[in-house]
Structures are given as structure tokens and as C-alpha cells.
1. For G105, indicate whether it is in contact with a Lys or Arg (Cβ under 7 Å, 6 or more places away or on another chain) and part of a helix (DSSP H, G or I).
2. Specify which of the listed residues (S180, S187) is closer than 23 Å to G80 by Cβ, polar (S, T, N, Q) and modelled with pLDDT of 95 or more.
3. Suppose the filter is more than 22 Å from R118 (Cα to Cα) and touching a Ser or Thr at 6+ places or on another chain (Cβ under 8 Å); does L48 pass it?
4. Just the residues that are assigned to a loop (DSSP other than H, G, I, E, B) and closer than 19 Å to A45 by Cβ, please, taken from region 108-157.
5. Looking at this structure, is L86 at pLDDT 95 or above and part of a helix (DSSP H, G or I)?
6. Let me confirm something: among A78, A153, A122, which residue is surrounded by fewer than 19 Cβ atoms within 10 Å (Cβ to Cβ) and under 16 Å from L182 (Cβ atoms)?
7. Any residue at all in region 94-110 that's open to solvent by 40 Å² or more (accessible area, probe 1.4 Å), of a type outside the set (A, V, I, L, M) and either touching a residue at least 40 places away in the same chain (Cβ under 8 Å) or closer than 17 Å to N183 by Cα (or both)?
8. Of all residues in region 125-150, which are polar (S, T, N, Q) and open to solvent by 30 Å² or more (accessible area, probe 1.4 Å)?
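The values are calculated or read from the model by the stated rules, or taken from the named source; none is laboratory data. Fair warning: this is a prediction, and the values are worked out from it, not measured in the lab. In this analysis, Cβ positions are derived from the backbone assuming ideal geometry, glycine residues included, and neighbour counts consider all displayed protein chains. Areas reflect the complete protein model, heavy atoms only, side chains present, ligands, DNA and RNA absent. Shrake-Rupley method; radii C 1.70, N 1.55, O 1.52, S 1.80 Å.
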Amino acid sequence: MFILLLVAGTAVILGLAFVIAVRLRRRAAAVDAQLLERRFGPEYARVLARRHGDTRTTRRELAGRLDRYGSLAVLPLASGARERHLAQWRAVQEDFVDSPARALGAAETLLERLAEERGYPAGLSFEERLAALSVHHARRVQGYRQLRDARRAGGASGPNAAETEDMRAALLEGRALFDSLLNARASGARAERDRSTRPGLSRGLAAAHRQPPPGTGPDVP
């Protein structure tokens, strides 16, 4: 009788432990989702929609971005680089009147060059560069996506009025990301040391989940 009671008691304890463990895992997953949603903002919603509402896959994808680019060091711009980039963007805006598609292509290229100067790895694919940018400029990265989409959607014989407006809106969104990249604060002395040794490449990608305090990161409006 004692053995039966002992077995029954053990089964109850194990059952309760299992229920508690499941609840703790669910609570931890919910906290993780909240932290990722806060970090990525509208980008979280876009990934969630693309994943058809699958929160687990969305968390996995965004956590992977943090693993790869969360501790990327923001490099300082070289002397005169800011003025050079601003002049190039003004040229892009002026060229938009004559050729919107060409201007959007130039804007996309300019963003990619600027991102590399700020420490993002060179040679990334479009999707991987977008993933990297989303970690530090989550509320502006849509501009990069819109530039690509609007340029590709333009008619072969020249965009119609609606397409031109979409291109204009994309250029404005691209400018927001351009400004965010241009004005991002450098990571300090280590960033300057990285620039002198291996310009254009990021450092310290191992500590991917290190995040700046709210209101101090490069994506501050």
C-alpha cells in the first residue's frame, strides 16, 4: 500500500512539474516575443505577416539577426564623408525629375556604400543587408526595401503617374534611412581602432544580444 501511495505521489509531483515547466516556457517565449517586438517595431510586424502569423518562426528569424549583427560596431565617418554623402543624395533627388528609376537605383547604391562605411559587412546580398540594417535601424529599414520594390515596379517605358508617386514615396523613406545611418553615433574608441585596421568590416559579433539602452541607439528619431 505504501509503495502504491509513493508511486501515485511521485506521478502527481512529476505531473505538476511538467505543467509548471510548460507554463514557464510559454511565459519565457512571451517575454522574448515582447522584447523582440519592442526592439524591431514595425519590422517585427512585417516578418510576422510574411510568416503567416507564426510567432515562433518570427522569433527565430529575428533572434538570428541579433545573433549575427546585434553587437556590430558603428564606425565613425572619415573627414569630409558626411558632406560627400549629402551632396550625392542631393544629386539623386535632382536626377529623380529626369529618371525616377535611375535615381532610385543610385539611392539604393548610396545607402549600401554608406552602410559599409558605418561598419556593416561588405558584399552582403540585398536580403542579408536588410536583415543587418533592421537590427539597428528597425524603424527606418523599410526605406531600403521600398527603394528596391518601387524601382522594380516602374514601367519599362517609363513609370505612370501612380508609379511615379510610389517612387517618390520610396525615395522619401530611403532618405529617412539615409539620415539615420548618417547620424548614427559611432561606437567609440574601439570603432576608431577597427577603422584603422580593417575598414568597412564590423567587430565583436559574438556578443549579439548586447543592446543599447532605449533612446540611445542609432535609430533614435
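1. yes
2. On inspection, the qualifying residue turns out to be S180.
3. yes
4. Across region 108-157, the qualifying residues are H137, A138, R139, R140, V141.
5. Yes.
6. A78
7. Within region 94-110, not a single residue is open to solvent by 40 Å² or more (accessible area, probe 1.4 Å), of a type outside the set (A, V, I, L, M) and either touching a residue at least 40 places away in the same chain (Cβ under 8 Å) or closer than 17 Å to N183 by Cα (or both).
8. S125, Q142, Q146
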